[in-house]
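A short write-up of the structure that comes next.
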Amino acid sequence: MFGFSEEQIAGFGLSFGVGGFMLYMLFIIGQLAWESKAGKFGTFVLFLGLAFGMVGFAAKFVIQWLLAP
């Protein structure tokens, strides 16, 4: 499709699509903290607990970038 292979489209969707979804999830966590009036520590705990899984996903791309030949 449009001169791209299926592998290239899947790679684009995995990196930018999931990355965009992760940013949207951070927005949702921020809204949750704002509406619940969590305060600084509560907001930190929300982001730590709910966004910790995203760190591993982002670290995978950084490690791949560093180890790429």
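Read-outs: derived from the displayed coordinates by stated rules, not from any lab. Owing to the predicted nature of the structure, the values given are computational and were not obtained by experimental measurement.
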>> Quick one: 3J(HN,Hα) in Hz for segment 5-16, Karplus 6.51/-1.76/1.60 with θ = phi - 60°, rounded, Gly and Pro as x.
In response: 7, 4, 5, 5, 5, 5, x, 5, x, 5, 7, 7
> So what's the angle, to the nearest 10 degrees on a 0 to 90 scale, between helix 39-67 and the longest Cα principal axis of the chain?
Replying inline: 20
> Percent of alpha carbon pairs in segment 6-67 separated by more than 13 Å?
Replying inline: 68
